[in-house]
């Protein structure tokens, strides 16, 4: 085992995937000689050459369009969009082409592409470089969305996404890029993580917090805090947002009877709304308290540190939501 | 917004109005709202005068004509999104002395086989409203457990926010733990039979269990010397053409007088609130083939002894025949349970919710007591045991009340006179 950072796990997954499959190639802005804005593609140009690490002009629509086209011809492109905020420019290619191709060609075609992009705040990057827009993609039939919460998952989910025959949006949290974790030294020991399966991070029997991305660590901190009071909180890392592990959440709710959903994205119309609505339906008789959500307020992300600290969800807010649902 | 000042009426009682007409103005700290009629109608009675402050939702006027459901909510017309004015509503007319429950409430109670006494009344003048029948706030899990365990959620106190009943509350109220209930029923030893209780037995069992669990009872016992009372009863009953008066009737009348004269005792605890009643309605525990029934003699403080006797005989007969109507039961602060005819010397009873007191009455006994000249004097006595809900009544106060009842019984001519003015 070697301790590596989240961003290095992404880099390693790309490296291993490119070693394993010559149809995998990278496309994006400044990903070549510059190694990517967050250094996710460092050294890959030197190892695999400009044919497979392809720098583009500043045109996200072109990146997405080329990726969709290449994928339709059987390639496995991995596109990097520097900030999730800029994925707005890729929407037509992803929503109207990538997501639809399999259905419109009667299952005879598929789009085995990956779009990697970082979301989230904490870097004082302001309203146009901090957004969490994963719910937009999760709303589109035909797209898959994953959001790893630690280095091992960053590796495992990206490898699974690259292997997947359908378009997968891999949402990385930029505040987690420096997070450390273990990855096996031997390439064959590095595991893929099945898309659509969540993970119980911490078992508990009083309440369940369903979280993903940076909110997982916050939920763990909230659970640790409440454990001191004898409140035993279960934390689920969703890992995959579309499809999401409905069975795991329902099973957990059936044991704890209380549910909080936490994410960094704006609360209104978010992933949490979907989970809450679904559990209020299929898990209705298990509920012993209101399902509460934790997310960012319905406002653009502010620049200033003080304001952004107040804007971003944190462990205290998850703790407060837990107390409310348990009251 | 929780209350508003009704600053001005734009229509007078008896005046007709059309949809869109201004009815009244409500002021809050922030805004004044003109409330307009949503439909045509006529004001029969204004319940809240201009200048009064009323809580949101309180009826402010009664409409003329049939109180059809459409008219009931006819003009709740919020004219501003920031403040909701109190809706007017055609509350049932307070014409009869008996509180007229909401029509929807009566229908629901009938549909669900609920007795009026089982439902807390939150409406004006102690009316049972639709919400009172429907309103049980419980989580889905709590409801599921209650359903499985046969727990009546009405008897469960909620510990969650806003009094919400949570799973833990139902589990605490479940007679047996779920684990024990789930266990296979143990085979009974020889000579022991297991009998499934019928619905009436089960209902009584749950009701008294809830009463004993939820009401902090305390008890006071007092002997009443009833020689004069018995003599009065005999002479009254010697006259033909009058209803026969029993000791129970005299006790009911005495309790009615006592409540009339001490109105501070005509109160019940209703979940963090106290409801005070104007009228002295006295419950009478009746043993029937179908189980216990508690019909109520209305206004026993104002009714004559003959009227009490007549009403009590009628109610007892109808209780025996299963002919009681919802109006015959419920809403009594105190009940009388007399086991004297069976020879028991005293009875320590359980309060019938939502009442606050119940009087247990034992058999009349003849015994010698030291008289004024220290010589034994033959006396006839009753043992009265008053059970009280400590949430509304304290010990010393209860003792005063019971003494007052005994004083009336020992000065029985008072039963024939109207109540003294409360001082």
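The values are calculated or read from the model by the stated rules, or taken from the named source; none is laboratory data. A quick note: this is a predicted structure, and the numbers were derived from the prediction, not measured. With ideal geometry, Cβ positions are generated from the backbone for all residues, glycine too; neighbour counts draw on all protein chains shown.
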Hey, residue B:147 modelled with pLDDT of 75 or more, more than 30 Å from residue B:278 (Cα to Cα), touching a strand residue (DSSP E or B) at 6+ places or on another chain (Cβ under 9 Å) and not assigned by TED's automatic domain parsing to the domain that holds residue B:279 or not: no
Selection within the stretch B:163-194 - at pLDDT 80 or above, part of a loop (DSSP other than H, G, I, E, B), under 37 Å from the mean Cα position of the chain (by Cα) and more than 14 Å from chain A (Cβ to nearest Cβ): B:194
Subset tally (residues that are surrounded by 14 or more Cβ atoms within 10 Å (Cβ to Cβ), away from every other protein chain (no Cβ under 11 Å) and over 21 Å from residue B:199 (Cα atoms)) for the stretch B:146-162: 1
Residues located in the stretch B:125-144, provided they are within 14 Å of another protein chain (Cβ to nearest Cβ) and assigned to a helix (DSSP H, G or I): B:140, B:141, B:142, B:143, B:144
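Residue-wise test of (1) surrounded by fewer than 17 Cβ atoms within 10 Å (Cβ to Cβ); (2) at pLDDT 90 or above; (3) assigned to a helix (DSSP H, G or I).
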{"position": "B:207", "(1), (2), (3)": "no, no, yes"}
{"position": "B:219", "(1), (2), (3)": "yes, yes, no"}
{"position": "B:255", "(1), (2), (3)": "no, yes, yes"}
{"position": "B:259", "(1), (2), (3)": "no, yes, yes"}
Members of the stretch A:242-263 found to be within 14 Å of another protein chain (Cβ to nearest Cβ) and under 17 Å from residue B:166 (Cβ atoms), listed by number: A:253, A:254, A:255, A:256, A:257, A:258, A:259
Count - residues of the stretch A:264-292 that are part of a strand (DSSP E or B) and farther than 20 Å from residue B:162 by Cα: 3
Options B:19, B:58, B:44: the member that is assigned to a loop (DSSP other than H, G, I, E, B) and under 36 Å from the mean Cα position of the chain (by Cα): B:58
Residue satisfying condition, being at pLDDT below 95 and in contact with a helix residue (DSSP H, G or I) (Cβ under 7 Å, 6 or more places away or on another chain), within set B:386, B:416, B:367, B:378: B:416
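Going through the stretch A:132-159 one residue at a time, which ones are in contact with a strand residue (DSSP E or B) (Cβ under 8 Å, 6 or more places away or on another chain) and assigned to a helix (DSSP H, G or I)?
Passing the criteria: A:134, A:135, A:137, A:138, A:151, A:152, A:153, A:154, A:155, A:157, A:158.
Check whether at least one residue in the stretch A:280-297 is more than 14 Å from every other protein chain (Cβ to nearest Cβ), out of contact with any strand residue (DSSP E or B) (no Cβ under 8 Å at 6 or more places or on another chain), under 28 Å from residue A:194 (Cβ atoms) and without any contact (Cβ under 8 Å) to a residue 60 or more places away in the chain, and report yes or no.
No, that holds for no residue.
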Residue within the stretch B:337-350 that is in a strand (DSSP E or B) and more than 10 Å from residue B:295 (Cβ to Cβ) present: yes
Given (1) out of contact with any helix residue (DSSP H, G or I) (no Cβ under 8 Å at 6 or more places or on another chain); (2) closer than 19 Å to residue B:254 by Cα; (3) touching a residue at least 12 places away in the same chain (Cβ under 8 Å), number of the condition residue B:307 does not satisfy: (3)
Of the criteria (1) touching a helix residue (DSSP H, G or I) at 6+ places or on another chain (Cβ under 8 Å); (2) surrounded by fewer than 23 Cβ atoms within 10 Å (Cβ to Cβ), which one residue A:131 fails: (2)
Matching option when the condition is closer than 16 Å to residue B:248 by Cβ, more than 21 Å from the chain's Cα centre (by Cα) and in the same structural domain as residue B:278 (by TED's automatic domain parsing), among B:365, B:313, B:374, B:320: B:320
Candidate set: the stretch A:224-246, residues that are part of a helix (DSSP H, G or I) and touching a residue at least 60 places away in the same chain (Cβ under 8 Å); chosen: the one surrounded by the most Cβ atoms within 10 Å (Cβ to Cβ): A:226
Meets criteria (assigned to a helix (DSSP H, G or I) and at pLDDT 95 or above) for residue A:217: yes
Residue within the stretch A:320-327 that is modelled with pLDDT under 95, within 14 Å of another protein chain (Cβ to nearest Cβ) and part of a loop (DSSP other than H, G, I, E, B) present: yes
Flag if residue A:112 is farther than 22 Å from residue A:56 by Cβ and either modelled with pLDDT of 95 or more or surrounded by fewer than 24 Cβ atoms within 10 Å (Cβ to Cβ) (or both): no
